[in-house]
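The values are calculated or read from the model by the stated rules, or taken from the named source; none is laboratory data. Note that the structure is a prediction, hence the values are computed from the model and not measured. Every residue, glycine among them, receives a Cβ derived from its backbone with ideal geometry; neighbour counts consider all protein chains shown. We work out accessible area using only protein heavy atoms, side chains counted, and drop any ligands, DNA or RNA first. Shrake-Rupley method; radii C 1.70, N 1.55, O 1.52, S 1.80 Å.
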Amino acid sequence: VMALINKQKKTTEYDWFTFTFNQKEYLELRWPNRDTLFFCRYLSKLDLKNIDSCIEVCTWSGFIGQYLEHKFKQQWREDYHVTYNDINSESYTLFKTKIETRSNNNFISWDWAKAIQIKRRDLILCNPPYIPRKWSVEDNAYEGLELAQNILKNLDTALTPNGKLLINLSSLSMDIMEPIFEEMKKQWRSIQCVQWQKVPLKVLNTLNNE
């Protein structure tokens, strides 16, 4: 079992979609994990009839965006467009090598704040860091909850009138995220927990800022 876990080249299969990732080629990226497939489980049920444009923020390996493209094709949609966004150069290299089609997708390597403001989209996907981490902004704004908080605060100019944001969060973050949700409700935004799952997270080192 340990030999399988430590294997550098892994293939993930989910809902007739197959993705092979070689960790040796992309040392700074992570392969699809439990939370990735948890995210895709909801996407598998999503009706894409009224969704034309989408952006995946913090794309990493691009698995979620690719899975969404897979679902578009399953629903016989050809008029969709998926934008992948990440500031990591390895993520861009992976996109150019394995994902780019030149017609239905593109990659934006700018900061997420600029990327989501280029145009309004029907769907924003984000599987961000979701465990609270002390002082994350000072040394790395892309750890802790900073990314999730800022995306939620900037939806007004990023989504179409009936647009949706799908984002993964942890119950450990609710003390920080709930005040933001309450402000959004005052603006008549609908907020739902569409699915949940108990997982044996080992987060003590993260919570201790280690």
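What the table below lists for this structure:
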item: Residue-count net charge about THR93 - beta-carbon cut-off 14 Å; Lys, Arg +1, Asp, Glu -1; result: -2
item: Cβ-defined net charge surrounding PHE19, 12 Å radius [Lys, Arg +1; Asp, Glu -1]; result: 0
item: Sorted peptide list for 122-129, 181-188, 13-20, criterion being average Cβ within 10 angstrom, highest first; result: 122-129, 13-20, 181-188
item: Segment 20-88, relative contact order [Cα under 8 Å, separation at least 6], %; result: 34
item: Residue among ASP47, ASP86, ASP35 with the largest mean-square fluctuation in a Gaussian network model of the chain, springs linking Cα atoms under 10 Å; result: ASP47
item: Pairs beyond 29 Å (Cα-Cα), from LYS73/LYS186; LYS134/LYS185; LYS9/LYS119; LYS96/LYS134; result: LYS73/LYS186; LYS9/LYS119; LYS96/LYS134
item: Ranked by how many other beta carbons lie within 10 Å on average, peptides 173-179, 60-66 from highest; result: 60-66, 173-179
item: Extension gain, LYS98 back to ASP35 (0.36 nm per residue minus Cα-Cα distance, nm); result: 20.5 nm
item: Segment 70-121, relative contact order in percent, only Cα pairs under 8 angstrom and at least six apart counted; result: 40
item: Percentage relative contact order, the chain, counting C-alpha pairs under 8 Å, at least six apart; result: 17
item: Rounded, prolate or oblate (a/c below 1.5 giving rounded, otherwise prolate when a/b exceeds b/c) for segment 29-101 by Cα gyration tensor; result: oblate
item: Mean residue ellipticity (222 nm) of the chain, computed from DSSP H runs ≥ 4 via -39,500 (n - 2.57), nearest 500; result: -8000 deg cm²/dmol
item: Accessible-area composition of segment 36-102, carbon plus sulfur, in percent [1.4 Å probe]; result: 49
item: Percent of beta bridges antiparallel (DSSP, the chain, rounded to nearest 5); result: 25
item: Environment charge at LYS49 (Cβ cut-off 12 Å; Lys +1, Arg +1, Asp -1, Glu -1); result: -2
item: Accessible area (Å², per residue) of the chain, counting only protein heavy atoms and a probe of 1.4 Å; result: 60
item: Pair-distance profile P(r), taking every C-alpha pair of the chain, with 10 angstrom steps and integer %; result: 7, 33, 40, 18, 2, 0
item: Förster-model FRET efficiency, 35 Å R0, TRP76 and ASP175, C-beta, rounded to 0.05; result: 0.20
